[in-house]
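What follows is a set of notes on a single structure, which appears directly below.
The values are calculated or read from the model by the stated rules, or taken from the named source; none is laboratory data. None of these values were measured; they are calculated from a predicted model. FYI the Cβ positions are ideal-geometry reconstructions off the backbone, even for glycines, and counts take in every protein chain you see. Accessible surface areas use protein heavy atoms only, side chains included; no ligands, DNA or RNA. Shrake-Rupley method; radii C 1.70, N 1.55, O 1.52, S 1.80 Å.
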Amino acid sequence: MSASLRHECIRVPVTALAFCDKLLLVAEGNFVNILHHENSALLATQQIFDSQAIHGITVCFETASETVVIFWGGSLLLLGHLKYTSSLPLLDVENLHEPRPQFQLSQVVEAPDWILDLSFCPTVNSVLGDQTRPRTAAVITAHNALLEVHIVYHGTTSQGAFMSKSDSIELSISELTASSRCILYSGHLLWLSNGRVLVAAGTAFGEILVWSWIRGQGSSSNAKLHHIFTGHEGSVFGVRISEEVTFSDRSSPGRLLASCSDDRSIRIWDISELPAASFSKSPQEGADALHVRETGFGANTLDLEDSNTVCLAIGWGHSSRVWTVRFLGTSPPTRQDINAIQLISTGEDATSRLWNITSQNTGNRDGSGQAYSFTMRQVGTATYHSGKNVWSLAVLNSSDGAKKIVTGAADSKIITYHLSSSHSQDTVPASPAHTTSKAIDLFRSYAFIDERSFIFTTNSGTLFPADTTIVSNDTNPNIQKYERLHQTPDLKGYSISAGSALLKAAFLAGSSGTIYIDSKVAGIFLQPASQDAQKQPMTLLTTSVGSKTAQLISVDLSSSPEPCVLQKLAVPLPQLTPGFIVTSMALVRVFPVNNYLFIGSRTGCIAIYTVPKAQQATADGESLQITLSKVVGGVHGKEAVTSMIWIPSELDFGSQIGYLLSVGRDGSCAVLFLDLTHHNSELVHRTALPFGPNIEGVCINQGNLMIYGFRGTKFVLYSEATEEEVMAIECGGAHRTWDFSPGNSHPGGTFVWTQASNMHVFTFTEASHVVLRNGGHGREIKAAAVSPPIPAHGRNVQLVATGAEDTDIKIFEYTSGDSASAPNIHCLRTLRKHTTGIQHLQWSEDGEYLFSSGGCEEFYMWRIRMLPVIGVGAVCETVCAPESEIADLRIVSFAARRQEGTAVNAKPGFVISMVYSDSTVRIYTYNGGLISNKWRLLATGTYLTSCLTQCVFLDPMISYPAQTHDFLTSGTDGHIAFWSLPKQESTADPVQVHHTSRTKLHQSTVKTLTYQHISPDTALLITGGDDGAVGLTLIRKNDKATPMLSRLLIPRAHASAVTASAIISLLDPARFQMATSGNDQRVILWEITIEEDAVRVEKLGGVSTAVADVSSMVVLDGGARVLVCGVGMQVWRIS
């Protein structure tokens, strides 16, 4: 049977980016994706090299109908021709159902060394009017050699076109300067004219060489060394030469050089003057100076200018290595920086940082006392990627001077943002302004009454209205109607407020009891606004200091001439719950009889009340009684519940069955499933958020769940649906007076806060950045598992769980795409609980549970559900407590199996075998239906001195005599071992188990193990080892304690360690397909035929994968696709 693997989707580190008008070229591994950077549509995907990753993309030229680009990676070069058909106009973003842009590729040309940078010569031949005239590019290599690339077009087809692998284009390489002994980690080329190239080269030993090559008459040329800069204390990973810039203290323009290094610093150098080395008495000697450079810090120091006299500034900000620097031109003038030169940098800390470089009259001194004539100030930080390493950066300059930044990182995410965002900020000082803080009339509270308007109170008891509007130039907001509205002694010294932007109302209370007389009001909590809130009375809950009851008040805002109190009910606070202090509330109106009240407390619990409606009052005038139905404890640990939202089941707002979503100051989002009729509750979702722990509010904006709170000194608005930060505002932290109003028609909002006795207002109408393409883990994936089909809102979904060195578990859904959409692997949920890298993952047979293990003996069991609004709901149902006094072992692998006949209270039981990094084995049973002692240790055992790597349960039918929990393990000694666990009474103590037999399969470590039951008495074991071999072992039942084995080893199946394997499909009981992969980055497809006394293997084919350090492989869509995981992910379709 013929079969092949075809690429379908990829998520690996983004190594290069380039703009082509409305298009963005994205390099991932050896593939390039073409995105429309305004609407994120994927237009085309093209493989460039067979296996070499792409390291750079340079646009040769572009017209309205075509673009020619050059790709390089390692020492390989290739030219690509992107042609736009008439049925797909370049700017037509709506017409995405038409044919996509098509790529045509030239032959691959190999340079003599690793390519660091490529730059096209500025020539009049930018348009292919004359198809026989060459176009020239310069290339700098890793040993400081300068090469020249000639591109010759031949008009065999239409003007300027060339076909794939045809003779219509010709690439040739010639050497301009010879290689030297210095090793470069970075380089940048700038053509000063058609015959002169300026080169900046960063070495592995901290030096920066600045030299130039000049074309002479005929074939002659010469090279001149101008500067050797020292100062970095590590390898120089990035250098960049600026265009000519104007200095405020100089009459003539100059040129700067930026460098970044292993030492986390960014340095700015002055290269306005390009003197030749003092020893250079001839052009040949100038060229020879490039070849006598030795490696090593400070070797062969030449008689050039002192580096300190040309180092203008030094910048510190990145927390780890800096990879890239790029000049952006002159920044708009600000109060602090006038005529500043902007620079952007990216680094290993997964951030991009914006810098302003300005000259100054007095020298700026660093910690060592060194004076610098320029100041380098960090003015912005973009933290939109996860994990490590922002590898690629592209900048698009628009006609109006705005700059669009695109970054790609190791998490394979592609994000874009503008340096001038759609936001505005204003500051209002405390009034009146006095010299002493005691006399300042401080801001006390804020409350929004619509999206842009709010009221605020001051320490003197004065009430002010404020209306924020953005002025026409979009630079600052105006605060209008800023005049005193009212002053009352009730609000003097102490005041609180709460407002509803939807209902355009606010409530206030003071120390003398503005709302309730004779008591100090401690809090006012409004009913969260819903879609039908404008049709209902406003409901608020007030509490008083020291009181055991709260007051529930219903107010008719539509009554005339002033609001009318419809109902006031006492709410008894739970007395059996110590320290119950109200921190949030939500009211649910259920037709036709009762309403329900939820009250969140400072101790993390939620109280549920039944609230009778007004028509239930008795005839004799007896007042209505609110009754406490239930208190659900520990929803947010022991931290405050700050906000709640009711989500009815199936969106029926009159239903008594639904979900209560809450956030709290434990930094988590939680969902309770509630049956209000029977007072039943179950925690169905609780995950940690990537910011916090001060999470303060939650709302639903345009169908998306939005959460806001504080991370350090910033206020953060976060989208739970996309798991993306919408905006982060520097405000000083959570301990201050503030309020926030989400936007109704946009994802932003208005944030007002007090800082340094001043009122600040920040309005944003757009997110701080746009995700052009979602990503995955920021570190290498170590484990992957695929679920069986799970019902979800009328369809079945197959979830893929991955665990990585970043300690996160991500749950993805893969969609294969159609004529209107591209294939996509999309993250639905991130589980953050592990503190070490993930070692192994496994789903239960029904897909309801996910098991995970890591270092420090971490073993978690997650309950997975599909929920409305939330999507994938996950809650850590249980944790297996470590047995060791010092939990420093890794649970390298485990096997979990449902234990039949042990379900209690509808909770299933499992038997779980775990293998540890110290060669020990432990077998547990877990029964979630028990009140206590849910975990029970059945047995322990110890293997030999080698480490165990894999574990799997055998099918009961294969064991003899039939045992329920027989299993096998593999280890670093290349053996598999069989273990037998005898049946025990439920009260028996743990027993010691020993392996009954062991069989050698590989020369060294067994890296991967796949088990498949193929007949009632036969199973197949697929193994891959460090020796590059693939093993096939048939396990058959016999009349002895150890099963009978038949082995077949495929030597040299891969060029290096085999680390992943999977059974693709069972063609029939005796024939199936399998796939293997390893560190050689090859995916190989095999067909296996099992005969009576033999196994026949046929290699169907193989492909190179862009995923490095392959760790795992899973099968999707019943064998139609295979997902390869490691440093990224790649989906291959089997055809």
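Are there chymotrypsin sites (Phe, Trp or Tyr not before Pro) in the range 640-691 that DSSP marks as loop and that have at most 16 other Cβ atoms within 10 Å, and which are they?
Of the chymotrypsin sites (Phe, Trp or Tyr not before Pro), the ones in loops of the range 640-691 whose Cβ has at most 16 other Cβ atoms within 10 Å are Phe653.
Give me the net charge of Arg665's neighbourhood, meaning all other residues with Cβ under 15 Å from the Cβ of Arg665; Lys, Arg count +1, Asp, Glu -1.
+1
Heavy-atom accessible area of Cys564 with all protein chains present, probe 1.4 Å, nearest 10 Å²?
Accessible area of Cys564: about 60 Å².
Taking the alpha carbon gyration tensor of the range 781-1134, what are the square roots of 5 times its eigenvalues, largest first, to the nearest whole Å?
Value: 29, 27, 20 Å, ordered largest first.
For Cα pairs less than 8 Å apart in space and 6+ apart in sequence, what is the mean separation divided by the residue count of the range 183-248, i.e. the relative contact order in percent?
Result for the range 183-248 is 33 percent.
Using R₀ = 41 Å, calculate the FRET efficiency as 1/(1 + (r/R₀)^6) where r is the Cβ-Cβ separation of Thr815 and Val395; round to 0.05.
E(calc), rounded to 0.05, equals 0.80.
GluC sites (Glu not before Pro), restricted to the range 1043-1135: which are DSSP loop and have at most 15 other Cβ atoms within 10 Å?
Loop-located and lightly packed - Glu1091, Glu1092.
Simple spin-label model, 7 Å along Cα-to-Cβ: Thr63 to Thr383 in nm?
With each label placed 7 Å out from Cα toward Cβ, I get 4.9 nm.
Could you please report the charge total around Thr815, scoring K, R as +1 and D, E as -1 over all other residues with beta-carbon less than 15 angstrom from its beta-carbon?
Summing Lys and Arg as +1 and Asp and Glu as -1 gives +1.
Bin by bin, in steps of 5 Å, what percent of the Cα pairs in the range 1004-1108 do you find, going until the bin that has the longest distance?
Result returned by the calculation: 3, 13, 24, 24, 18, 11, 5, 2, 1, 0.
From the cross-link list Lys504/Lys568; Lys504/Lys714; Lys492/Lys613; Lys83/Lys403; Lys22/Lys810; Lys413/Lys833, which pairs have alpha carbons spaced over 25 Å apart?
Lys504/Lys714; Lys492/Lys613; Lys83/Lys403; Lys22/Lys810
Determine, for each peptide in 344-354, 746-756, 624-634, the mean count of other beta carbons within 10 angstrom over its residues, then list the peptides with the highest first.
Sorting 344-354, 746-756, 624-634 by mean packing, highest first, produces 344-354, 746-756, 624-634.
So for the pair Ser40, Ala887, with labels modelled 7 Å out along Cα→Cβ, what separation do we get in nm?
Taking the two extended label points, one gets 3.7 nm.
Subtracting the Cα-Cα distance from 0.36 nm times the residue separation, let me have the gained length for Ser1065 to His826 in nm, one decimal.
Working it through step by step, the gained length comes to 83.6 nm.
What is the local net charge at Pro572, summed over the other residues whose Cβ is closer than 15 Å to its Cβ (Lys, Arg +1; Asp, Glu -1)?
Local charge sum for Pro572: +3.
If you filter the range 183-263 for trypsin sites (Lys or Arg not before Pro), then keep DSSP loop positions with at most 14 other Cβ within 10 Å, what is left?
Here the trypsin sites (Lys or Arg not before Pro) that fit, given the DSSP loop and packing criteria, are Arg250.
Please give, to one decimal in nm, the separation of the simple spin-label points placed at Ser75 and Lys1000, each 7 Å out from Cα toward the Cβ.
For Ser75 paired with Lys1000, the spin-label model returns 4.0 nm.
Taking the Cα centroid of the range 1037-1101 and of the range 856-890, what is the distance between the two, rounded to the nearest whole Å?
33
Apply 1/(1 + (r/R0)^6) to the Cβ-Cβ distance of Thr230 and Leu176, taking R0 = 22 Å, and write down the FRET efficiency to the nearest 0.05.
The computed FRET efficiency comes out at 0.25.
Given a cut-off of under 8 Å on Cα pairs at least six residues apart, what relative contact order in percent is computed for the range 781-1134?
In percent, rounded to a whole number, it is 9.
Starting from the Cα coordinates of the range 1027-1076, work out the convex hull volume and express it per residue in Å³.
98
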